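Peer 1: Questions regarding the structure given below will be posed in turn.
No lab work stands behind these numbers, since they all come straight from the coordinates. Being a predicted model, the structure only gives us computed values, none of them experimental. Neighbour counts are summed over all protein chains in view; Cβ atoms, including those assigned to glycine, are modelled from backbone coordinates with ideal geometry.
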Amino acid sequence: MAVIRPFRCIRPVKEFADKIAALPYDVYNRREACEEVKKNPMSFLTVDRAETFFDDSVSTYDDRVYEKAKSRLMEMEAEGKFREDETENYYIYALTMEGRTQTGIVACASIDDYEQGVIKKHENTRAEKEQDRIRHVDTCSAQTGPIFLAYRSDPVISEIVENTKKTDPLYDFVSEDGVRHQVWKIQNGENTEVVENAFGKISDIYIADGHHRAASAVKVGLKRRAENPGYDGTEEFNYFLSVLFPDEELMIMDYNRVVKDLNGLSEKEFLAAVSRNFILETIGKEPYKPAEKNNFGMYLDGIWYRLIAKPEICSEDPVDGLDVSVLQRGLLEPVLGILDPKTDDRIDFVGGIRGLKELERRADSDMKVAFSMFPTSIGELFAVADAGKLMPPKSTWFEPKLRSGLFIHRF
């Protein structure tokens, strides 16, 4: 069963929250991060991406960058931009985008639950991607970006969340991208105990987004255990910062594909090859967004098509049955020669937040053909994780993104 604990949060003073809150560190490349910090010097990117203080001669992974992250965090605290709550609390974090709200519990999850599979993964992580966050978290002795977790909705937790949302929020602001961010503290000690006990009855927690951040936080915790052989399990390094959302409130967006060429085929040959595994319908100039599973949009030379997967390439397997797997197995590999989408530079991925016009733009410029996808469901994500399997790359795109800097867990 899950151990989900309240914690003593370091968080922005109310008047600075909207300026400090930043998109996750990995949303930006170095140039974009520098531009963002230049525009907003109070952005938490100055901590999460401290290379923004240095010119390009200093590597993102230089020791000085991690030390600067630590000193910058301490500096912001000394300047009075952050405060530390005196008691251990749960927090409620609601994000509203385009009229839809998802509300999560901000808390600390157990590294033992991660190690023992109570917290389930659906992606592999790469050691080289983990190293940066391991060094950042370890140097700062703080987790600054929460892990996006999901659980099957629980009525006890939901009732407390809804009642808490009727009180005055700690923060309520709209970020530049139009997302509204609201935060409340669960003030009632009895409610805190009820929430902790309710999570203690939940057997499965799922990583929705942030696999590398989660793996890095866990590895730092294990490192601290090795450095402190007398640890008893209550130390803060045994836990990592998370926001946990009920499944019924989460929406996964489509994660679309664009391919650079037709693998040596003429357009006529390509369409004939596609028709072997898909029913092909011409839509025309109007962008086509699939409305159901096993349906795909395809944009080629100014024309949109609807592709319906034939039964023989569909599957009931939790991984093989995903639409991203069906497209890979039925078209990308046999027709376009994309054997490994993780490493093939002929394919690129476009998050659904960018819209179908972005697919048209790419296919009309640096690419040749685009595919619009029906989104993976949260139920499919759970099914893959429950089966102990892994999703193909670029299967899910979550919006809105959790902000960094609103909640800090120090250990």
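Peer 1: Write down the Å³ per residue value for the convex hull defined by the alpha carbon atoms of the chain.
Peer 2: 152 Å³
Peer 1: Among D63, D177, D113, whose mean-square fluctuation peaks in a Gaussian network model of the chain (Cα, cutoff 10 Å)?
Peer 2: Evaluated over the chain, the most mobile residue of the options is D177.
Peer 1: Now a separate question. Per the Kirkwood definition applied to all pairs of different Cα atoms, how many angstroms is the hydrodynamic radius of the stretch 324-370?
Peer 2: Roughly 11.5 Å, rounded to one decimal.
Peer 1: Order these by the 10 Å Cβ neighbour count, fewest first: L265, L45.
Peer 2: L265, L45
Peer 1: Moving on. For the chain, set up a GNM with springs between Cα atoms under 10 Å and report which of V324, V37, V27 has the largest fluctuation.
Peer 2: Evaluated over the chain, the most mobile residue of the options is V27.
Peer 1: Something else now. Could you give the distance between the Cα centres of the stretch 199-235 and the stretch 301-338, to the whole Å?
Peer 2: 37 Å
Peer 1: For V65, V194, what's the fewest-to-most ordering of other Cβ within 10 Å of each Cβ?
Peer 2: The most exposed by this proxy come first: V194, V65.
Peer 1: Still on this structure: How would C108, C314 line up from fewest to most surrounding beta-carbon atoms within 10 angstrom?
Peer 2: C314, C108
Peer 1: Using 30 Å as the Cα-Cα cut-off, could you pick out the over-long pairs in K310/K401; K268/K310; K121/K342; K68/K401; K38/K285?
Peer 2: Going by Cα-Cα distance, K310/K401; K38/K285 fall outside the 30 Å limit.
Peer 1: Just to confirm a number: summing +1 for Lys and Arg and -1 for Asp and Glu over residues other than E15 whose beta-carbon lies under 14 angstrom from that of E15, what do you get?
Peer 2: Neighbourhood net charge equals +2.
Peer 1: Give me the compactness ratio for the stretch 200-242, meaning the Cα radius of gyration over 2.2 N^0.38 Å.
Peer 2: Taking N as the residue count of the stretch 200-242, the ratio is 1.31.
Peer 1: Grab the DSSP H runs of the chain that are 4 residues or longer, score each as -39,500 (n - 2.57), total them, divide by all residues and round the 222 nm result to the nearest 500 deg cm²/dmol.
Peer 2: Taken over the chain, the calculation gives -8500 deg cm²/dmol.
Peer 1: Same structure, new question: Under the definition of Cα pairs under 8 Å and six or more residues apart, what whole-number percent is the relative contact order of the stretch 255-374?
Peer 2: Taking the mean separation of contacting Cα pairs over the length of the stretch 255-374, I get 45 percent.
Peer 1: Okay, next question. Under the definition of Cα pairs under 8 Å and six or more residues apart, what whole-number percent is the relative contact order of the chain?
Peer 2: Normalised by residue count, the contact order of the chain is 24 percent.
Peer 1: I've got another one for you. Over all alpha-carbon pairs of the stretch 255-374, lay out the pair-distance distribution in 10 Å bins, whole %, shortest bin first.
Peer 2: Going from the shortest bin to the longest, the percentages are 14, 51, 33, 2.
Peer 1: For the stretch 57-131, what number results from the quotient of the Cα radius of gyration and 2.2 N^0.38 Å?
Peer 2: 1.58
Peer 1: Can I ask one more? Between K38 and L339, what is 0.36 nm times their sequence separation minus the Cα-Cα distance? Round to one decimal in nm.
Peer 2: Going from the current span to full extension adds 104.2 nm.
Peer 1: Full-extension gain between E248 and D62, please, as 0.36 nm times their residue separation minus the C-alpha to C-alpha distance.
Peer 2: Here the segment from E248 to D62 would lengthen by 62.7 nm.
Peer 1: Sticking with this one: On a full-extension model of 0.36 nm per residue, what is the gain between D261 and A291, subtracting their alpha-carbon distance, rounded to one decimal in nm?
Peer 2: Residue separation times 0.36 nm, minus the Cα-Cα distance, leaves 8.1 nm.
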